Amino acid sequence: MNNNMVSIPDGFHLDNKVHEYLNPDYLYIPLKEGLSLSVKTNALIYKEQVLLKGEGEYIYSPISGKVMGKTDSMKLNNKHVECIVIENDYREKVNKKKGVLRYINEYTKEEMYKLIYKYNAYNGILPENPKILVVNGIDPDPFEKTSSLIINTYSSKILEGIDAISSILSLEETYLSINNHDSDNVINLTNNIGTYPNITLKLLPDIYPIGFKKVLLKNIVSKQYKEEDILYLTVLDIYNIYNVLKRKKPLTERLITLSGNAIEQPMVINVKVGTSIADLIKNVCHVTNNKYYVVANGLLSGKTLTTLNNVITSETRSIFLNTIDNHKETKCINCGLCNSKCPVGLNPKYIKAHKKADKTKCIHCGLCTYVCPSKINFKPYLGGNNEE
Amino acid sequence: MKNNVYVRSNRSIYTISITRIFFLLPLIAYGFYKNGIHLYLNDYINIKELFLPLIIIFGGGIIGAIVNIIYELLIKRNKQGFTSLIFSSFHVEYGMILGCLIPISINLAVYFSCMFVIFMISKFLNNRINTICVCFITIYIVAIMSGLMTDFHFENLYELDKQFSLDFMDYLIGKAPGGIASTHIILLTLAFFGIHFTNNNKTAITTSSVIIIIIAYIALAIVKDISFNTLLFSNNILFIMTYVATDSVTSCYTIKGKITYGILIGLLTFGFYFVKPILAPYIAILIVSLFNNLIDRKLNAIPKTN
C-alpha cells in the first residue's frame with residue numbers, strides 16, 4: 001500500500017437513499033460522429049427506442065416524447081456540441097416489454113460482449129481474453145458517494161453481476177474492492193459474499209486517490225498479470241451490465257452524486273442521460289449560496305463547468321455546487337509534499353518551473369494542489385483533463 | 001476559471017510550525033529544569049534568573065513573530081489576520097529552535113539584537129539561506145568579538161562547578177553540556193518520531209546525515225582514541241540534524257535530493273569538526289543549503305516532451 005496517499009475528511013453528509021429526477025421537460029442527446037438520426041424530426045419516440053444509429057453503435061432515447069430536432073446551444077465538457085432535443089411526454093412509453101430473458105450466467109462471452117456494446121453498458125473496449133476482474137467499489141473523488149450507495153442499495157445485483165461475468169469469462173481471479181471505512185457495505189458484503197466463493201472482497205483504506213484506476217490496480221493486481229489480462233469495471237458498470245444481461249435495458253439513466261457546500265441537501269440521484277445541468281439544479285437543488293461554481297466529476301479532480309448548458313452524459317459521475325477556495329497563494333516553502341504525495345511519482349514543483357517537462361503520467365487527481373501548504377494551484381501546469 | 005480550487009488541506013506554515021514547536025515542548029521543559037529549576041534549587045542562581053531559559057527560548061519565538069509582523073504590515077502591506085501575519089514564515093519556529101541551541105550563558109542583548117537583525121535580513125532575502133545557521137554563527141562571532149563572552153561554552157553554572165564523568169545513559173537523559181534545550185536525546189528522539197509521523201519533517205535528511213556522522217565519528221574515535229559518545233552527543237549535533245538541517249525552505253525537497261543533502265551535510269560536518277567543532281554543523285548546513293535547488297534539479301531532471 002502506498003503510504004504517501006492522503007486521508008481526506010468527509011465533507012458532506014449524504015442520506016442513504018437514491019433520489020430521482022427522471023422527468024425533465026427536455027432531454028439533449030449529443031450527436032456523435034458516425035451516428036445518424038434514426039427517427040424523423042417531430043416524430044414520436046418511445047423510451048429506450050434507438051435514437052441514433054451507427055456501425056454497431058446505438059444511442060437510445062431515455063424518455064418517450066417528441067423529437068424536436070437539433071440544437072447547438074448545449075455544451076459537453078464545456079465544448080459546444082450539437083444535440084438532438086426530445087420533448088418529454090411524461091408517459092415513459094416503452095415499445096415492447098422485454099422481461100427476464102434467460103439466466104444471466106448462461107450467456108457466452110461473445111453474446112455478453114455483444115449485448116454490452118449494443119446497450120452501451122460500458123464505455124470503452126473490453127479486453128479479449130481477460131484473466132482477472134477488478135471491480136472498483138470506491139468512488140474516485142472523496143466527496144462522491146455514488147459507488148458506495150450503489151453497493152448499499154443493489155448489493156445482491158452487484159454480486160450476481162460480478163459472478164456472472166466471472167463465470168462467463170472463466171476468470172482466474174475476481175476482486176471487489178471497497179473502502180474499509182464504509183462500514184455498512186463491509187457488513188453487507190461480508191454477510192452475502194459467502195454465496196460467491198469466486199469473488200474476493202478487498203478492503204482498502206480510506207485514502208485518496210485509491211479509487212483511481214491506475215492506483216487501485218497497482219494496489220490489488222500482482223505483477224504477473226499484464227495490462228491486457230485485466231478487466232477493470234466500476235460497480236456502476238457492473239450494475240449497467242447486470243441490467244443489460246437481465247433485461248436488455250440500455251444505459252439511459254445515470255446515478256450521480258449531487259453535492260457541494262452551496263446546496264442544502266447533498267444526495268445521490270438517478271437522472272436521465274441528456275438532462276441539462278441547468279434543469280437539474282433548478283428542479284432538484286435548494287441553493288443556499290449563490291456564489292457557487294458548478295464542478296463535474298469531483299471536487300478535487302473535477303472540472304469547472306463554464307455554463308449550466310452542459311449536459312449529463314453516461315460519463316458524468318458527480319455534480320458539485322461549491323464556492324471557491326479563497327486561500328491566497330504564497331511562495332513555495334520547499335516542503336516537497338507535492339512530490340512525495342504524488343501517487344504516480346511526478347514532481348509538480350519541477351513541472352511548474354519547467355513547462356516542457358513530461359507530465360503524461362499525471363492522473364489529474366489534484367492531490368498536489370490539495371496538500372500544498374503554500375496553497376499553490378498546480379492544476380494549470382499539469383495539463384490534461386483540466387485544460388481545454 | 002476551469003482550474004479553480006475548491007478544497008484544500010488545512011496544512012500551512014502555521015500548522016507545520018505549531019506541530020514542530022509542540023514536539024519541542026518536552027525538550028524545553030527539560031531545558032527549563034536543567035538550566036533553571038535545578039540551578040535555583042542548588043543556589044546557583046536567584047529567582048529572577050530561574051526563568052532565563054524560558055525567556056531565551058520563547059523570546060526567540062517572539063522576535064520571530066515581531067519580525068514577521070513588521071515585515072508583512074510595513075513592507076508588504078499585508079492585511080491578513082493576526083495569526084497569518086505571525087506565521088507568514090517560519091521565523092517563529094527559527095527563534096525558538098535557536099533558543100534551544102544557544103548556551104544559557106549567552107548575553108541577552110547580543111542574542112536578541114543579532115537575532116532581530118538577521119531575521120529581518122533573511123525576510124528581505126526571501127529566506128534563501130539557512131537563517132538559524134547564519135544567526136548562530138553571527139551570535140557566536142559577535143559574542144566573542146565584543147568581549148561580552150570571553151569563552152563560548154555550553155556549560156551552565158552547575159556544570160562549571162563540578163567535574164563529571166558522563167556515560168552513555170547520562171547523554172541519553174540530557175546530562176551533558178549543550179544548548180538550553182537540546183541535550184536530552186530520548187526526548188529528542190521522541191520529537192523526531194513525532195514530527196516524522198505527523199509529516200512535518202524531512203526525515204531522509206536527518207537519517208542520512210546522522211548515519212554519515214556516526215560512521216565518520218566511529219572511525220575518528222578508533223583512530224584518535226576519542227570518546228565516541230563525546231563526539232556524537234556534544235555540540236548539539238543530533239538536535240541540529242533533526243531541527244535545523246531539515247528547515248523546509250532551504251533544504252532539498254525530493255527524496256534523492258534529501259538523501260544527498262543529508263550525506264553532504266554529514267561529510268562537511270565531519271570535515272569542519274577539525275576546524276571549529278561548535279560551528280561545524282552550522283557551517284556545513286549553511287554551505288549545502290546554498291545549493292539545495294541545484295541538487296534537486298540535477299538529481300531529478302525530468303525528460304522533456306517532444
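Bear in mind these aren't lab numbers, they're just calculated from the coordinates by the rules spelled out. On a predicted model such as this, the values are computed, not experimentally measured, just so you know. With ideal geometry, Cβ positions are generated from the backbone for all residues, glycine too; neighbour counts draw on all protein chains shown.
Cut-off is 10 Å between beta-carbons; in what order do B:Met241, A:Met112 appear when sorted fewest neighbours first?
On the way: B:Met241 27, A:Met112 20.
Least to most surrounded, the residues fall as A:Met112, B:Met241.
Within the protein assembly as shown, antiparallel bridges make up roughly 60 percent of the DSSP beta bridges whose residues both belong there. Run the lone-cysteine check on chain A: no other Cys C-beta under 4.7 Å from the residue's C-beta. So far as the 4.7 Å Cβ criterion goes, A:Cys83, A:Cys285, A:Cys332, A:Cys335, A:Cys342, A:Cys362, A:Cys365, A:Cys372 stand without a partner in chain A.
In angstrom, the C-alpha Rg and Dmax of the range B:1-105 are 17.9, 69.
I need the Kirkwood Rh of the protein assembly as shown: take the reciprocal of the average 1/r across all distinct C-alpha pairs and report it in angstrom.
Details: mean 1/r = 0.0343 Å⁻¹.
About 29.2 Å for the protein assembly as shown.
What the pair-distance distribution of the range B:90-234 shows, using all Cα-Cα distances binned every 10 Å from zero, is 10, 31, 37, 20, 2 percent. What the Cβ-Cβ distance of A:Glu329 and A:Thr306 gives, at R0 = 35 Å and to the nearest 0.05, is a FRET efficiency of 0.95. Remark: A:Glu33, A:Glu82 ranked as A:Glu33, A:Glu82, counting other beta-carbon atoms within 10 Å and listing the fewest first.
When the trypsin sites (Lys or Arg not before Pro) in the range B:231-306 are filtered for DSSP coil states and for at most 14 other beta-carbon atoms within 10 Å of their beta-carbon, no site remains.
Only alpha carbons enter this Debye calculation for the range A:269-338, each as an equal point scatterer, and the log10 of I(q)/I(0) it gives at q = 0.20, 0.25 Å⁻¹ is -0.86, -1.23. Compared with the rule-of-thumb size 2.2 N^0.38 Å for a compact globular protein, the range B:94-171 has a Cα radius of gyration ratio of 1.29. Positive-end ranking of A:Gly302, A:Ser374, A:Val273 along the dipole of the range A:259-384, with charges on Cβ about the Cα centre, is headed by A:Ser374.
How big is the Kirkwood radius of the range B:249-306, worked out from every pair of different alpha carbons and given in Å to one decimal?
Details: mean 1/r = 0.0832 Å⁻¹.
Hydrodynamic radius (Kirkwood, Cα only) of the range B:249-306 equals 12.0 Å.
A Cα-only calculation for chain B places Rg and Dmax at 19.8, 75 Å. For A:His181, the residues 5 or more places off, or on other chains, whose built amide H falls under 5 Å of its own are A:Asp206. Share of pairwise Cα-Cα distances greater than 14 Å in the range A:35-79 is 54 percent (whole percent).
My understanding is that a pair violates if its Cα-Cα distance is over 19 Å; which of B:Lys34/B:Lys276; A:Lys341/A:Lys375; A:Lys79/A:Lys303; A:Lys40/A:Lys248; A:Lys79/A:Lys352 do that in this structure? Write out the running numbers ahead of the final one.
Numbers: B:Lys34/B:Lys276 26 Å; A:Lys341/A:Lys375 15 Å; A:Lys79/A:Lys303 12 Å; A:Lys40/A:Lys248 25 Å; A:Lys79/A:Lys352 26 Å.
In this structure, B:Lys34/B:Lys276; A:Lys40/A:Lys248; A:Lys79/A:Lys352 exceed 19 Å between Cα atoms.
Computed over every Cα-Cα pair of the range B:61-134 and binned at 5 Å starting from 0, the pair-distance distribution P(r) comes out as 3, 17, 29, 25, 15, 8, 3, 1 percent. Listed by Cβ neighbour count within 10 Å, with the fewest neighbours leading, B:Phe22, B:Phe192 appear as B:Phe22, B:Phe192. The charge dipole of chain B, taken about its Cα centre with unit charges on the Cβ of Lys, Arg, Asp and Glu (plus for the first two, minus for the last two), comes to roughly 1620 debye.
Full-extension gain between B:Phe58 and B:Ile141, please, as 0.36 nm times their residue separation minus the C-alpha to C-alpha distance.
This chain segment gains 27.6 nm when fully extended.
Rounded to 0.05, the FRET efficiency of the A:His80 and A:Glu315 pair, given R0 = 22 Å and the Cβ-Cβ distance, is 0.80.
Taking a span of 24 Å or more along the helix axis (Cα atoms) and a mean Kyte-Doolittle hydropathy of at least 0.0 as the rule, the DSSP H helices of chain A that qualify are A:146-168.
Normalise the Cα radius of gyration of the range B:178-305 by 2.2 N^0.38 Å (N = residues in it) and let me know the number. Before the final figure, lay out each step's value.
Values: Rg = 15.0 Å, N = 128, 2.2 N^0.38 = 13.9 Å.
My calculation over the Cα atoms of the range B:178-305 gives 1.08.
Across chain A the C-alpha pair distances fall into 10 Å bins from zero in the proportions 5, 21, 31, 28, 13, 3, 0 percent.
Only bridges whose two residues both fall in chain A count here: according to DSSP, what percent of them are antiparallel, nearest 5? The partial results should precede the final answer.
On the way: 36 of 61 bridges.
Just about 60 percent of them are antiparallel.
Expressed as a fraction of 2.2 N^0.38 Å, the C-alpha radius of gyration for the range A:243-365 is 1.35. I'd like the distance between the alpha-carbon centres of the range A:260-300 and the range B:137-194, rounded to an integer number of Å. Value for the Cα centre distance between the two parts: 62 Å. Equivalent-ellipsoid semi-axes for the range A:297-347 (Cα gyration tensor, √(5λ), whole Å, largest first): 29, 17, 8.
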